[in-house]
Amino acid sequence: MKSKFLDAVGLSAAFLCLIHCLAFPLLLMLPIAIVHNPYIDLVFLVIGFAVVFKLTGTIHSFWLKSLFWVSIILIAVSVAAELIFDKHIDLIYLGAAGLITGHIINFKNHKH
């Protein structure tokens, strides 16, 4: 049951992160002053890392664990590049999609 809750939290956070990342470029096209705050991405990264850390302790599948950790690393590299170098890297989209996919697969693998 705890793993299902972690999947729900992780899936929600990853989905919100992806929506945030996709919506921001669209909002930049509007004639209003919107400034992207990379600390929002950092909050999503911390939530995602905590969920992946807890969740991968209960998963037995090596490839699913790998998918979660590679996705978090991709997001971390992108967030770090934005915080340190003020450079946006599109790896964050791939990482968020990987987390969403991993959580859906893990959720479907549960015995209901």
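Read-outs throughout are calculated quantities, based only on the coordinates presented, and are distinct from any laboratory measurement. Everything numeric in this text was worked out from a predicted model, so none of it was measured. Glycine also receives a Cβ, built like all others from the backbone with ideal geometry; neighbour counts cover every protein chain displayed.
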Efficiency by 1/(1 + (r/R0)^6): what FRET value for Val70 and Asn37, r their Cβ-Cβ distance, R0 = 35 Å, to the nearest 0.05?
0.85
What distance in nm separates the simple spin-label points at Thr58 and His20, each placed 7 Å from Cα in the Cβ direction?
2.4 nm
How long is the gain from Val46 to His110 if the chain were fully straight, where each residue apart is worth 0.36 nm and the alpha carbon distance is subtracted?
20.5 nm
